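Report on the following structure.
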Amino acid sequence: MSTTLGSFIAGGIAACGAVTVTHSFETVKIRLQLQGELQAKRDAPRLYKGVLHGVKVIYTNEGLKGLLRGLSCAYIYQMTLNGCRLGFYDPIRTTLNSLYLTRSPLHGREANIKAYQSLPINIFSGASSGILGAFLGSPFFLVKTRLQSFSPFLPVGTQHQYRNAWDGLRQIYGAEGIKGLWRGVGPAMVRTGFGSSVQLPTYFFAKRLLQRNFNMQDGAPLHLMSSTASGVVVCIFMHPPDTVMSRMYNQTGNLYSGAFDCLYRTVKTEGILAVYKGFFAHLARILPHTILTLSLAEQTNKLMRRFEDRVLSKEVKEKL
Ligand SMILES: *[C@@H]1O[C@H](CO)[C@@H](O)[C@H](O)[C@H]1NC(C)=O
């Protein structure tokens, strides 16, 4: 086992690796979500026609730099999220476990509190630590979204002129204060809450289904297929609040009075399917992201353990 700090760094490096690979799809997703906002279908421009067309057009006009706009914000957001998952998941879980166990016949067996595994408690702990991360990380996601929608060639959305992440945060804070920095935090929390609560149960469900009906054995192919299935379901649940979030992030309080107003007017002018604009680009980001994070994490954790075994004494390791 690595120390907590070690796992944070190892997990962070793995997640940032996955983010780097999938960031282009995220850029395309945001532009697809914003394209034709509050316009009837026949009037809506179609500058970006889909995932691959989007990647191609951005790469041709803006180069790799265009596809990777906002990458540093994506890293900071990812580290915030991972930090919260690592820091809050277990404390929340053990607190709930002890609350539950003192009321159950298992009462008194103190050692069980850490070891006890309950799917509903685990899901709740995962979702709440994710939502906390989404809250803390929202300003970075906001700046990321605005950097990604900026294009000198085919612009969609308000064109905010931020030189970089830090400049974006400073400008927003200067013009709108704290409120501006946390604009759109509601749908951002809903989005992550949906995603993290659906992920675990659908993963286990898919795994059991594949084992039962297709006789698959435990191993890499089964894990790959179950996480793919779970990724699709996660994306189905997460995408509508994600679209609302992108649109709340694009405006500066001058277009919508709130998330429900955004959802209502989007559906009314563009039809119900508008909440799924950019869905395939989102899927193209989520699927490799999950698989890459898991496989990279295995490597970075191994390296971290080896590194810590070599440089840290036993006493120091226990303190960290
Ligand atoms: C983005 O927000 C602005 C208001 O700040 C609004 O005028 C515009 O329609 C929104 N969407 C797009 C795609 O530009």
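The values are calculated or read from the model by the stated rules, or taken from the named source; none is laboratory data. Every value quoted in this text rests on a predicted model; they were computed, and no experiment measured them. Quick reminder, even Gly has a Cβ in these numbers, built from the backbone with ideal geometry, and neighbours come from all protein chains shown. Each accessible area value is taken on the protein alone, full model and side chains, heavy atoms only, with ligands, DNA and RNA left out. Shrake-Rupley method; radii C 1.70, N 1.55, O 1.52, S 1.80 Å.
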Summed side-chain charge close to Asn301 - residues other than Asn301 whose Cβ falls under 14 Å, Lys, Arg +1, Asp, Glu -1: 0
Say R0 is 51 Å: what FRET efficiency, to the nearest 0.05, do Ser104 and His53 get from their beta-carbon distance? 0.35
Between Leu47, Leu181, Leu101, which gets the highest mean-square fluctuation from a Gaussian network model of the chain, Cα cutoff 10 Å? Leu101
Suppose a student asked you for the relative contact order of region 174-318, using Cα pairs under 8 Å spaced at least 6 residues apart; what percent would you report? 26 percent
Roughly speaking, what is the stretch gain from Gln161 to Glu315, that is 0.36 nm per residue apart minus the C-alpha to C-alpha distance, in nm to one decimal? 50.4 nm
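Can you give the FRET efficiency for Leu200 and Phe260, using 1/(1 + (r/R0)^6), R0 = 30 Å, r = Cβ-Cβ distance, to the nearest 0.05?
0.60
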In a GNM of the chain with a 10 Å cut-off on Cα contacts, which of Gln211, Gln35, Gln159 has the highest mean-square fluctuation? Gln211
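With n ≥ 4 as the cut-off for DSSP H runs, can you work out [θ] at 222 nm for the chain, using -39500 (n - 2.57) per run divided by the number of residues, rounded to the nearest 500?
-26500 deg cm²/dmol
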Listed residues Met238, Met225, Met79, most fluctuating in the chain (Gaussian network, C-alpha, under 10 Å): Met225
Under a Cβ-only charge scheme (Lys and Arg +1, Asp and Glu -1), can you give me the dipole magnitude of region 4-319 about the Cα centre, in debye to the nearest 20? 280 debye
Rounded to a whole number of µm²/s, how large is the Stokes-Einstein D of region 4-319 at 4 °C and 1.567 mPa s, given Rh as the Kirkwood radius over C-alpha pairs? 61 µm²/s
Please work out the C-alpha center-to-center distance from region 303-320 to region 190-253 and express it in whole Å. 35 Å
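Around Cys262, under 14 Å between beta carbons, what's the net of Lys plus Arg minus Asp minus Glu among the other residues?
Charge balance in the 14 Å sphere: +2.
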Whole-percent carbon and sulfur contribution to the accessible surface of region 1-123 (1.4 Å, no ligands, DNA or RNA) stands at 65 percent
For q = 0.21 Å⁻¹, Debye-computed log10 I/I(0) when each Cα of region 57-186 counts as one equal scatterer: -1.12
Taking Ile178, Ile30 and ranking on accessible area (1.4 Å, protein atoms only), highest first, one gets Ile178, Ile30
What accessible area, in Å² to the nearest ten, does a 1.4 Å probe give for Ile291? 50 Å²
Mind running the shape call on region 212-320? Use the C-alpha gyration tensor, a ≥ b ≥ c as the square roots of the eigenvalues: rounded below 1.5 for a/c, prolate if a/b tops b/c, oblate otherwise. oblate
